[in-house]
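This report refers to the structure that appears directly beneath it.
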Amino acid sequence: MNAVWAIARRELMAMFASPIGWLCLVGFSLISGIFFALMTSEFSVMTAQAAYNPYTAESIDLGLWLIQPYFANTAILLLMLAPAVTMRVFSEDRRRGSFELLMAAPITSGQIVAGKYAGSVGFMTAMIAMTVPLVGFLYWVATPDTGLIACGYLATWLMGAAFIAVGLLTSALSENQIVALVTGFGALLVLWLLSTAESFIPGTGGTLIANISILSHIDELMKGLLHSRDVVYFISFIGVCLFATTQRIEALRWRA
Amino acid sequence: MIHVQHLTKSYGDVRAIGDIGFAVDAGEVVGLLGPNGAGKTTTMRILCGCIGASSGTVTINGIDLNENPTAAKAHIGYLPERPPLYDEMSVGDFVAFSAAIQGVANVEESVANALQQVGLDGELGGTPIRDRIIARLSKGYRQRVGLAAALVHNPSILILDEPTSGLDPAQRKELRTLLASLAREGRRTVMVSTHILGEIEAVCDRVIVINNGALVAQDTIENLRPDASIVRLRVAQEAAALGEELEAIDGVASARAEADGWWTVSMNRDCRTEIAACAASHGLLELRRMDGLEDIYLRLIQETA
């Protein structure tokens, strides 16, 4: 366990020591801040209009008009940035030879993957944590639904953790960080778009494929409905990706 | 100790090493020799568990590396040719990280010991070396940091792949002295590969020579010397009769003048004193015994090419 913790800690520190880490952190905070400012401003205009229009006043809902769309936008932002967070995790180690240090140590490939994953998820958590002051602002000016916000954060965190797991796998597949970034982003985009499969493939096949999509399992959670099937989906999804990454590391040991 | 049997490694159709077998006893310092591409690094990486062998067995202190890799690897300290360092970390943090992944219980004490063993416990430019960022260190210091990381868990076996590669002569000498003391004081089993044969001769008890992925020889340098030794000499004066005079010495098998002005003398017993006395009368300038490690190595490689 000490080894996993040591690898996770080093991974987290490496992100904070790298320009790409700061670029992700600042970029995420800045763009999500802009989203939040635009949405808040739009919501303020709608609230002002509602004073003169009783029909609009009935449909005004902070959760529906501000909190849910904000978390949905944050999710898309994470989809774009998660591969950038993970692209160097294995690729850089392999390129600069530091991977030998881990391979020669008395630890398993599973421990290496677990440590690297925990460190990357830690960094992603720090990214998401940057939005807390923004959401906290809502408590100052209104009375938001805490359950909805908690579910929004849980959904964003679970989705981010799933994105990181995919990124970790693509990073293990190539020594080149750019290749890892592009394949990671491509894989996440495909997993996102699978939710539209029902429109193209009729019947059970389409439903089955759509259910593999991350998006299909995030909608309900974003609305504040916590289903165990969605949580199980994310845990299974992450488990499959980490298992595949571990197998890839084992393959590197045997094919190298 | 290290015990290797029928070790083979193939990359697709290309065989990097084939059916290698050797043993290194506890406390022994062994040099692994071979030209570039001979399979030295592949052999060392297999011994450290970095890569798997296609077939064969490796036993580390009685533990099968295939069956129980984590237990076997705990006995090994490995320094690859390019030290596996995290440039953004400080020296102390990196060695502590290495200790943590090696499962060391008392990290702080082990780090201090390892840094002291490799001479990184002092200061550099007014800053303690352990606080310096690795990216800003010279190649010699980086090599030492890699060595400290390999030593931090006090392994009984040390495997070093070209540890002096890229170092200047002064750094090489320092590192050679360090390796010799690490082997002696720690009573460690050390396996070292290098292209600098003088280092092997100075440090190692025994050599293992591989070429084209096959084991060519394994013995002490003394035992690898041919029975009939060769000396080369150069004299100041033109001496047509020198050949006959040398061949008249009991123990000299043949003497011939080379195009480069040197004489090559084959002996069937050690009669260098008589040869020197004979050549001295013609103004002896230089006399070299041609069965140093370099000559042995070149002969073995040529024989198996």
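Note on the stretch B:85-137: residues that are within 14 Å of chain A (Cβ to nearest Cβ) and farther than 17 Å from residue B:153 by Cα total 9. Listed by position, the helices (runs of 4 or more DSSP H) enclosed by the stretch A:72-173 that each have at least 3 residues that are closer than 25 Å to residue A:215 by Cα and within 13 Å of the chain's Cα centre (by Cα) are A:109-129, A:146-173.
Only one of the numbered conditions (1) away from chain B (no Cβ under 14 Å); (2) at pLDDT below 90 is not met by residue A:23, and that is (2).
Residue-level analysis places residue A:203 among those that are surrounded by fewer than 18 Cβ atoms within 10 Å (Cβ to Cβ) and on the phi > 0 side of the Ramachandran plot. Scanning the stretch A:99-110 for residues that are surrounded by fewer than 21 Cβ atoms within 10 Å (Cβ to Cβ) and not β-branched (Val, Ile, Thr) yields A:106, A:109, A:110.
Of all the numbered requirements in (1) part of a loop (DSSP other than H, G, I, E, B); (2) touching a Lys or Arg at 6+ places or on another chain (Cβ under 8 Å), residue B:182 misses one, and that requirement is (1).
Name the single residue, out of those in the stretch B:155-179 being surrounded by fewer than 15 Cβ atoms within 10 Å (Cβ to Cβ) and in a loop (DSSP other than H, G, I, E, B), that is modelled with the lowest pLDDT.
Top of the filtered list is B:166.
When restricted to residues that are out of contact with any Ser or Thr (no Cβ under 8 Å at 6 or more places or on another chain), within 23 Å of residue A:17 (Cα to Cα), in a helix (DSSP H, G or I) and of a type in the set (A, V, I, L, M, F, W, C), the stretch B:108-137 contains 3.
Of the residues A:225, A:208, A:181, A:252, only one is within 14 Å of chain B (Cβ to nearest Cβ) and more than 14 Å from the chain's Cα centre (by Cα); which?
On inspection, the qualifying residue turns out to be A:252.
Entry remark, the stretch A:174-197: residues being closer than 16 Å to residue A:86 by Cα and in a helix (DSSP H, G or I) number 13 in total. Within the stretch A:79-92, the set of residues being buried (at least 24 other Cβ atoms within 10 Å of the Cβ) and within 11 Å of another protein chain (Cβ to nearest Cβ) is empty.
Being away from chain B (no Cβ under 14 Å), free of Cβ contacts under 8 Å to residues at least 12 places away in the same chain and more than 22 Å from residue A:76 (Cβ to Cβ), is that true of even one residue in the stretch A:145-165?
yes
Can you work out which of the residues in the stretch B:54-84 that are facing another protein chain (nearest Cβ under 9 Å) and among the aliphatic types (A, V, I, L, M) is farthest from residue B:166 (Cα to Cα)? My answer is B:71. The criterion of at least 1 residues that are closer than 30 Å to residue B:15 by Cα and at pLDDT 80 or above is met by the following strands (runs of 3 or more DSSP E) wholly inside the stretch B:214-305: B:214-219. Output yes when any residue across the stretch A:43-61 is at pLDDT 85 or above, β-branched (Val, Ile, Thr) and buried (at least 21 other Cβ atoms within 10 Å of the Cβ), and no when none is. No - not one qualifying residue is present in the stretch A:43-61. Looking across the stretch B:222-251, the residues that are more than 21 Å from residue B:296 (Cβ to Cβ) and among the aliphatic types (A, V, I, L, M) come down to B:235, B:236, B:239, B:240, B:241, B:242, B:246, B:248, B:249.
Exactly one residue among A:238, A:212 is buried (at least 18 other Cβ atoms within 10 Å of the Cβ) and of a type in the set (Val, Ile, Thr), and that residue is A:238.
Taking the stretch B:258-280 as the range and being polar (S, T, N, Q) and without any contact (Cβ under 8 Å) to a residue 12 or more places away in the chain as the test, only B:273 passes.
From the list B:111, B:91, the one residue that fits, being among the aliphatic types (A, V, I, L, M), in contact with a helix residue (DSSP H, G or I) (Cβ under 6 Å, 6 or more places away or on another chain), buried (at least 16 other Cβ atoms within 10 Å of the Cβ) and under 19 Å from residue A:104 (Cα atoms), is B:111. Just one of (1) farther than 28 Å from residue B:174 by Cα; (2) free of Cβ contacts under 8 Å to residues at least 12 places away in the same chain; (3) surrounded by fewer than 22 Cβ atoms within 10 Å (Cβ to Cβ) trips up residue B:101, so point out which. Single failed check for residue B:101: (3). You will find that of B:123, B:81, the residue that is charged (D, E, K, R), surrounded by fewer than 23 Cβ atoms within 10 Å (Cβ to Cβ) and more than 26 Å from the chain's Cα centre (by Cα) is B:123 and no other.
Check whether at least one residue in the stretch A:29-37 is in contact (Cβ under 8 Å) with a residue 24 or more places away in the chain, of a type in the set (S, T, N, Q) and within 14 Å of chain B (Cβ to nearest Cβ), and report yes or no. So far as the stretch A:29-37 goes, no, none of its residues is in contact (Cβ under 8 Å) with a residue 24 or more places away in the chain, of a type in the set (S, T, N, Q) and within 14 Å of chain B (Cβ to nearest Cβ).
The values are calculated or read from the model by the stated rules, or taken from the named source; none is laboratory data. Just so you know, these numbers come straight off a predicted model, no measurement behind them. Using ideal geometry, Cβ is built from the backbone for each residue, glycine included, and neighbour counts are taken over all protein chains shown.
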